[in-house]
Amino acid sequence: MPETKKVSVKATSKSKKNEISTKIDQSQPVWPHSLFTDYDVDLFLVGKHFRLYDKFGSHLTVLEKVNGVYFAVWAPNAINVGVVGDFNGWNREAHALNKRWDKSGIWEGFIPNVAKGDVYKYFVKGFDESEHEKGDPYARRWEHPPQTASIVWDTDYTWKDKSWLAKRAKLNPLNQAISVYEIHLGSWQRDPENPKRVLNCREIAKTLVPYVVEMGFTHVELMPVMEYPYFPSWGYQITGYFGASSRYGSPQDLMYLIEELHNANIAVILDWVPSHFPGDRHGLYEFDGTHLYEHADMRKGFHPDWKSYIFNYDRPEVRSFLISNATFWIDQYHADGLRVDAVASMLYFNFSREDADAATNEYGGSENLGAIKFLQDLNETLYGNFKGVQTIAEESSTFDGVTRPVYDGGLGFGMKWMMGWMNDTLKYFKVDPLGRKHHHNSLSFSMSYAFSENFMLPFSHDEVVHGKSPMLYKMPGDDWQKFANLRALYGYMFTHPGTKLLFMGNEFADTNEWNFKQSLDWHLLQYAPHKGMQETVKALNFLYRNEPALHDFNFSYEGFEWLDADNANESVFVYMRKGTKAKDTLVIALNFTPVVRENYKIGVPFDKKWVEIFNSDDIVYYGSGINNKGNLDTYHEGFNNQKFSINVTLPPLGMSVFKSK
């Protein structure tokens, strides 16, 4: 907090100043008190205490019939730690904490008369006499940026989502449809009366929840909601790991949003960033005057791309901090999963570094063994303690076993983003349709590794920023062809093996790159092409959910079979998706040129009537209306390694899905 505010914080009137002065005059020394048992300390020091939020931070407490707050903070190399705040005029001498007698490095104590809503920081004097004012690493709430102090608060809430939690394990497993709507709360929708004002979570819930339900998404993924100082970082540079960002209201406001989503049967995934943190002076960096949370060796502790600091995963106390934080969001906020950001940067010392400038592990390799152990412990803890949760790795390397169980040598994630599929798919679709025959394997290649991990197919925020263009304008051709291409792309995505993720605005083909400073361009829905795109995504969501063949085997060869992967000349792909029951089998045909293909022969496995159950060229989607009406006769002519065949019409730049009756 700025020096000029240390004496008169929130003192907007003479009476208020007198109130603060009176409170200072009546302040009492810190009382000895501890929430830590010896067992707590032992677990913390070996990296196995995963509920540290019950101990560290500020806790509203009654001690000897006196209301106040118990404070606890880890600062092993400090020579003095005190609490400063609006309750003591930011007096560094008023409330010095007591250092525990053991080797834990924990400073703690009870301060009478401190109340919920009081603002505070820790005054830390380092071993070298350096002085630091730090926010509380475990604070439940923070001041609204650019202010940087912590706030005494709680996470008390009367939850009304018991029925959701009871059935979550049945609704959120890997063999169900998982279609994720990725959201940045600060820009999904702004106040219509004041477009510069960011809505709080209760306000957002009024429109977001019914919209997600209407669109057929099964999950929402919230870009980081933890407190962060720099809005343009989108939340990926966190200072308050246990605090819900004040930009979106109180902690209870966020809980309300999650509860409303749950009561609408929507699961909630939170973006989580254990890979790095910023160097803001009030944050974790050099917390006690030393490299406490970050690695002291800057080859391991500094990220050259993001100019941020990397956690020291070799330190047990840091592992306890991070896994406690992951536990906190699932335990206290009822999150249904975590999407872990930048996992590749954690796994390798030479990520974004030349080998000559990178550290090595004890065996001379580039793998960060401490990070690997941390991620394994993380996943074992979350899956072992919470039914029905999922963890998802945003991991771009070829590291083996990201979604393999820990007991089998893997990292233990539930899913991993399929970054290779995303890059190859966009590369293919950017090509003019006349030239796609030369890039045919860009799409067919994904099936050579599609089942090596449990993959989620992502078109995330990263693909529509920084000059990459919105999804619509990645597509070639005139306006009609751009929309047709994008509808076909989404059709391909939703029928390809793996779960799905789509960033907000992509579902209606926003014409601008995502801008975190403003609302999405909702006005575009008054135009037929954009409304048609929205209807396409809605229909695909319900197709994915309602057709078992599209999700029974999300990650297994059993659910997929090529019928024709080699028709490069016509840029046509045909494949089957299979469920646990043969009757659920679907045949998908994709035509990635603007040419209508009549009497196109496709092999099918059953001698039954076939019907078209989805066509991306339907008029309701702003297509040209080239479809297959009525029943399709089956011919006893083997084709595509099947015993039977049907003749169909393939729409231009379109996808058709067929099912037997």
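The values are calculated or read from the model by the stated rules, or taken from the named source; none is laboratory data. In this text, all values refer to a predicted model and were calculated from it rather than measured experimentally. Cβ sites come from the backbone with ideal geometry, for glycine too, and all protein chains shown count toward neighbours.
Residues of the range 368-425 that are surrounded by fewer than 18 Cβ atoms within 10 Å (Cβ to Cβ), in a helix (DSSP H, G or I), small (G, A, S) and touching a residue at least 24 places away in the same chain (Cβ under 8 Å): G420 alone. Against the conditions (1) on the phi > 0 side of the Ramachandran plot; (2) part of a strand (DSSP E or B), E129 satisfies every one except (2).
Only a single item in (1) assigned to a loop (DSSP other than H, G, I, E, B); (2) in contact with a helix residue (DSSP H, G or I) (Cβ under 8 Å, 6 or more places away or on another chain); (3) surrounded by fewer than 19 Cβ atoms within 10 Å (Cβ to Cβ); (4) of a type outside the set (S, T, Y) is not met by D552, and it is number (3). For M475, indicate whether it is within 23 Å of I588 (Cβ to Cβ), surrounded by 22 or more Cβ atoms within 10 Å (Cβ to Cβ) and of a type in the set (A, V, I, L, M, F, W, C). So M475 fits the description; yes.
Cβ-Cβ contacts under 8 Å between residues 6 or more apart (or on different chains), taken from a first residue in the range 236-252 that is within 18 Å of Y157 (Cβ to Cβ) to a second residue that is of a type in the set (A, V, I, L, M, F, W, C) and part of a helix (DSSP H, G or I), are listed as F242/F328; A244/L254; Y248/C201; Y248/I204; Y248/L254; G249/C201.
If only residues of the range 441-467 that are part of a loop (DSSP other than H, G, I, E, B) and more than 24 Å from F555 (Cβ to Cβ) are counted, the one that is nearest to the chain's Cα centre (by Cα) is V465. Based on what the data block shows, is R353 of a type in the set (K, R) and either closer than 24 Å to Y230 by Cα or not in a loop (DSSP other than H, G, I, E, B) (or both)? No; evaluated as a whole, the condition is false for this residue.
The single condition among (1) under 22 Å from H219 (Cβ atoms); (2) out of contact with any Asp or Glu (no Cβ under 9 Å at 6 or more places or on another chain); (3) not hydroxyl-bearing (S, T, Y) that G412 does not satisfy is (2).
Is it the case that H438 is over 14 Å from G498 (Cβ atoms), in a loop (DSSP other than H, G, I, E, B) and of a type outside the set (V, I, T)? I'd like the intermediate steps shown before the answer.
Details: over 14 Å from G498 (Cβ atoms): yes; in a loop (DSSP other than H, G, I, E, B): no; of a type outside the set (V, I, T): yes.
It is false that H438 is over 14 Å from G498 (Cβ atoms), in a loop (DSSP other than H, G, I, E, B) and of a type outside the set (V, I, T).
What about L501, is it surrounded by 22 or more Cβ atoms within 10 Å (Cβ to Cβ), outside the structural domain of P195 (by TED's automatic domain parsing) and not in a strand (DSSP E or B)? Answer is no for this residue. Note on the range 256-284: residues that are within 19 Å of I183 (Cα to Cα), in contact with a Ser or Thr (Cβ under 8 Å, 6 or more places away or on another chain) and crowded, with 22+ Cβ neighbours inside 10 Å total 1.
When P304 is tested against (1) modelled with pLDDT of 95 or more; (2) more than 30 Å from T218 (Cβ to Cβ), only condition (1) is not met. Whether a residue is farther than 19 Å from E108 by Cα, within 25 Å of the chain's Cα centre (by Cα) and at pLDDT 95 or above was assessed, and Y157 passes this test. Checking every residue in the range 638-653 against the condition of being of a type in the set (G, A, S) and part of a loop (DSSP other than H, G, I, E, B) gives at least one match. Remark: pairs (first residue in the range 30-41, in the same structural domain as N67 (by TED's automatic domain parsing); second residue of a type in the set (D, E, K, R) and crowded, with 18+ Cβ neighbours inside 10 Å; Cβ separation under 8 Å; 6+ apart in sequence or on different chains) = H33/E108; S34/E108; L35/K55; L35/E108; F36/K55; F36/E108; D40/K55.
Among residues belonging to the range 143-196 that are of a type in the set (D, E, K, R), touching a strand residue (DSSP E or B) at 6+ places or on another chain (Cβ under 8 Å) and farther than 18 Å from W234 by Cβ, point out the one that is surrounded by the most Cβ atoms within 10 Å (Cβ to Cβ). Taking the candidates together, the pick is R168. Anything in the range 636-646 that is of a type outside the set (G, A, S) and either surrounded by 15 or more Cβ atoms within 10 Å (Cβ to Cβ) or within 21 Å of L489 (Cβ to Cβ) (or both)? List them, or say none. Matches in the range 636-646: F639, N640, Q642, F644, I646. Is it true that G491 is surrounded by 23 or more Cβ atoms within 10 Å (Cβ to Cβ) and within 20 Å of the chain's Cα centre (by Cα)? Answer is no for this residue. T290 meets the conditions (1) under 22 Å from N172 (Cβ atoms); (2) among the hydroxyl-bearing types (S, T, Y); (3) surrounded by fewer than 18 Cβ atoms within 10 Å (Cβ to Cβ) in every case but one. The failed one is (1).
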